[in-house]
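Please read the structure below before turning to the comments.
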Amino acid sequence: MSAPVPVPVPAPVYLETYKSGELEERIMKLMAILNKCNLCPRACGVNRNKGEIGYCKSSSDLVVSSVQPHFGEEDVLVGTHGSGTIFFTNCSLGCVYCQNYDISQLGHGQRMTEEELALKMLDLQKKRCHNINLVTPTHFTPQIVKALKIAVENGLHIPIVYNSSGYESRNIIALLDGIVDIYMPDIKCSDPGNAKRYHNAPDYFSVCKDAVKEMHRQVGDLTIDNLGIAVSGLLIRHLVLPGGVADAVDIFEFIAREISEESYVNIMAQYRPMYRAYEYKELNRGVKMSEYREVITTAKRFGLHRGFRFI
């Protein structure tokens, strides 16, 4: 039997962007946005460089909750040595059931300079993490890209994962072209009423669709090397909610028809009532296995087949 043909492992895209000088230009554009912030779709317009605070409760100071190799992410990110996760404090969405509400809503974390963040990235690389996994990065995108440049100049060479709620401005995602290797957005729900009720964002699905299309345009479907590690592409997450309130039919139809049937979709069943979920009767319980199976069946019906188990 012949040996398997190795899948070519591309260098992280940000290395070429750095060499061309484009990374410095992107940093300048992103940092300028902090003067009248529209990093997320809420476009508060506050001057964060002068300490003004918008919806995300963040000034220009970078705030980080934790930095560590993480073994609870998708297998294609974790591999043998873990995904190098950096959890950023605060959030531009507002999920009433947030599993990390102490970070996203209560603001637990420590201030960190861009130089310190770069050192953290390099430390994760030294620990042999397979990637740098930026968790909830949206509202700190300028500072992160500035830190990335510093890290590159000191030897960073592993993929960047942009791990977000999916509530992203397409224009900002466009500025990350050639910087991010793996996009990992949530697609939480499709109904505007539910999006308003549970995420304080009635435009969530329409905004998310535009952003995910741009992500896929940049990086394509998820590419996995011969060791089973993702090296580039789009990885979509969908958390199953009780009672079908996430409106999965429209979500999977969008992914299959407007993105790709080869999309890698992690359909997650680990929902549990957290934060303010107890205030909503329909959310104040776990997900039944029958509900999870129904969502899996829906995904299969649209031709999706990567990233989830067939039940």
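The values are calculated or read from the model by the stated rules, or taken from the named source; none is laboratory data. On a predicted model such as this, the values are computed, not experimentally measured, just so you know. Here Cβ is always computed from backbone atoms with ideal geometry, including for glycine, and neighbour counts include all displayed protein chains.
Among residues of the stretch 145-169 that are under 25 Å from K188 (Cβ atoms), those with a Cβ under 6 angstrom from a residue that is among the acidic types (D, E), sequence gap 6+ or separate chain, pair up as P159/D181; I160/D181; S165/D186; G166/D186.
Taking the residues in the stretch 223-235 that are of a type outside the set (S, T, Y) and within 14 Å of the chain's Cα centre (by Cα) as candidates, determine which candidate is farthest from L304 (Cα to Cα). Checking each candidate, the answer is G233. Close contacts from the stretch 46-64, counting a first residue that is closer than 17 Å to L30 by Cα and a second that is aliphatic (A, V, I, L, M) and part of a helix (DSSP H, G or I), with Cβ to Cβ under 7 Å and a gap of 6+ residues or different chains, come to R48/L34; N49/L34; S60/L34; L62/L117. Taking the numbered list (1) part of a helix (DSSP H, G or I); (2) farther than 21 Å from E74 by Cα in turn, L124 passes all entries but (2). State yes or no: is I255 modelled with pLDDT of 95 or more and within 17 Å of the chain's Cα centre (by Cα)? For I255, the condition - modelled with pLDDT of 95 or more and within 17 Å of the chain's Cα centre (by Cα) - is met.
A Cβ distance below 7 Å, combined with a sequence gap of six or more or placement on separate chains, defines the contacts here; from the stretch 197-226, residues that are free of Cβ contacts under 8 Å to residues at least 12 places away in the same chain reach residues that are part of a helix (DSSP H, G or I) in the pairs P202/P192; P202/A195; P202/K196.
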